[in-house]
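The values are calculated or read from the model by the stated rules, or taken from the named source; none is laboratory data. Given the structure is predicted, the values throughout are model-derived calculations rather than measurements. Cβ placement follows ideal geometry from the backbone for every residue including glycine, while neighbour counts extend to all protein chains displayed. Ligands, DNA and RNA are excluded from the accessible area calculation, which covers all protein heavy atoms including side chains. Shrake-Rupley method; radii C 1.70, N 1.55, O 1.52, S 1.80 Å.
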Amino acid sequence: PLGTSNGVWSIQTVYSGFAPSFSNTTSANPTVSFNNGGGDVLLKWEVRGSNPNCTGGASDYQRIRYVPSANAGQDDFACYDASASPASMVLSANNNTAGTGSWSIVSQPVGSTASFINASLPATTITGLINGAYRLRWTITDPSGICPATTDDVNILVYLGCQTVPLELKTFTAQ
């Protein structure tokens, strides 16, 4: 901002996503954090001179656009009864409040016809799963093109034909 004079930061406009928080609104160089995901905001630094209660000084505006890094969730496996073929699974990527998210299939078993119910939702369902390994990619893209796209992959192992084995509980006593 304008020099290192006394001043105060304020949020002027939230274009998309969430408003950030400041480590210190009266510091010329605060840490700005988007704790709830990304955001596209216009910030104002208003110079207050030697008296922090005075207003009407020079102002400097900064537009910040933060798109969070993609996170496709934890690798997972699923065991289904053979009658569940083909199977489905709910995915759990991070939210994309300031960007556009999209799921894609990087690799899948031969013969799979897997597809997403809605590839733009972080918690979509993938259907048509058969036995084998899948690599799925979550990509978050900044619609403005200012921030680079980020990707993250999740590996899913699907087992069909699993059987439930009843357990017999035994009680042991120490002698």
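Quick rundown of the values:
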quantity: Estimated inter-spin distance, Thr31 and Asp75, nm [label 7 Å along Cα→Cβ]; calculated: 3.2
quantity: Heavy-atom accessible surface of the range 98-148: percent carbon and sulfur, 1.4 Å; calculated: 58
quantity: Hull volume in cubic angstrom per residue (convex hull over the Cα atoms of the range 87-144); calculated: 71
quantity: Zone of Tyr15's modelled label, taken as backbone nitrogen in the range 27-47 under 13 Å from a point 7 Å along Cα→Cβ; calculated: 39-43
